[in-house]
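One structure below.
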Amino acid sequence: MHPIAFALASCCGLALCVVLVAKALGNRHETYVRHLPAGSIVEDEWLLAPKVRIITTFILCGLMIAWMVACGMAYPHTATLQTATAGFAQHRPGVGVIGATLAGIRMIADLLVMTYLVAASGVDLVCHRLPNRTLAIAAMAALIGALASGTISGFVSSLIGGLGLGLLGLLLRFIAGGGLGMGDIKMLGVIGLWLGRSGLMAPAWALTISFLIAGPIVIIALAAKKLSLHDMVAMGPFLTIGAFLAWAAAAATLA
């Protein structure tokens, strides 16, 4: 991707993510928590504070942009980026601009997906719920990124990843007799939709990493008596971290 186009898309994407979290999502989620049914578990409401959301999102989105740079500004390595590079190299600015624009759209879509996953995870930590609207917007951003991949196979792979990871979550819920809530399964679908365009192994790795991180933490919390067997565990943050690490691995592989 052309360095100037990448820099502009990076700044715009990061600024947009921070504004969304600080304004729209912050107010919406505070209202969401206040209107929960009587008897709902609500704790650590400070996690919904604008400053906390801005800092968390800024760090994660900043790391995403830094990783894209570390991977050679070539995430993901698809036909549109090849077209962009060839267009600039052959002094065909029209072709180069189109390819660079699609690559910028994918990058901004990635930042938006991460922004909404982080926001949903914050709500999950506070009240053990994942807002449907937040996940739906994340899914739309993931679809836009898949459409901008420039290939039919990338878009189809994204759809298969979303459906497959969601069904796998349902299967795990059935086998375990609980554990994963319906909100977690919806988030898995979003993650599969997002990472699926990078190949079907990326969503699988996201789920695996999530459980590898959650397992030891839950065991330590149980041993320290900070958590009981009857307590609910917010899986949203673990799924988000797993998705982030799987995205980073896919970016490095495809670059």
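Listed here are the residues, each with its yes/no results for (1) hydrophobic (A, V, I, L, M, F, W, C); (2) within 19 Å of residue 141 (Cα to Cα).
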position	(1), (2)
179	no, no
183	no, yes
196	no, yes
204	yes, no
231	no, no
Which numbered condition trips up residue 221, out of (1) in a helix (DSSP H, G or I); (2) of a type outside the set (D, E, K, R); (3) in contact with a helix residue (DSSP H, G or I) (Cβ under 8 Å, 6 or more places away or on another chain)? (3)
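Give me a count of the residues in the range 32-56 that are outside any helix (DSSP H, G or I) and over 22 Å from the mean Cα position of the chain (by Cα). Even if it seems obvious, please write down each step before you answer.
Taking the range 32-56 as the starting set, the residues that turn out to be outside any helix (DSSP H, G or I) are 35-44, 49.
When the remaining residues are screened for being over 22 Å from the mean Cα position of the chain (by Cα), the result is 35-44.
Looking only at that region, the number is 10.
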Yes/no for residue 164 being touching a helix residue (DSSP H, G or I) at 6+ places or on another chain (Cβ under 7 Å), assigned to a helix (DSSP H, G or I) and modelled with pLDDT of 90 or more: yes
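Here is a yes/no grid of residues against (1) assigned to a helix (DSSP H, G or I); (2) among the β-branched types (Val, Ile, Thr); (3) surrounded by 17 or more Cβ atoms within 10 Å (Cβ to Cβ); (4) more than 14 Å from the chain's Cα centre (by Cα):
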| residue | (1), (2), (3), (4) |
| --- | --- |
| 184 | yes, no, yes, no |
| 190 | yes, yes, yes, no |
| 205 | yes, no, yes, no |
| 213 | yes, yes, no, yes |
| 238 | yes, no, yes, no |
| 244 | yes, no, yes, no |
Where a residue in the range 205-233 is closer than 18 Å to residue 176 by Cβ and its partner, wherever it lies, is surrounded by 10 or more Cβ atoms within 10 Å (Cβ to Cβ) and not aliphatic (A, V, I, L, M), with Cβ under 6 Å and at least six apart: 210/238; 210/242; 213/238; 214/238; 232/128
I want to confirm something. Restricting to the range 149-160 and keeping residues that are among the polar types (S, T, N, Q) and under 9 Å from residue 197 (Cα atoms), which single residue is modelled with the lowest pLDDT? 149
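Would you kindly identify the helices (runs of 4 or more DSSP H) lying entirely within the range 63-148 that contain at least 2 residues that are modelled with pLDDT under 90, over 15 Å from the mean Cα position of the chain (by Cα) and of a type in the set (Gly, Ala, Ser)? Give the steps one after another, and end with the answer.
Values: elements: 79-89, 93-127, 132-147.
The helices (runs of 4 or more DSSP H) meeting that bar are 79-89, 93-127.
The values are calculated or read from the model by the stated rules, or taken from the named source; none is laboratory data. Nothing here was measured: the structure is a model prediction, and the numbers come from that model. All Cβ positions, even for glycine, are placed from backbone atoms using ideal geometry, and neighbour counts span all protein chains on display.
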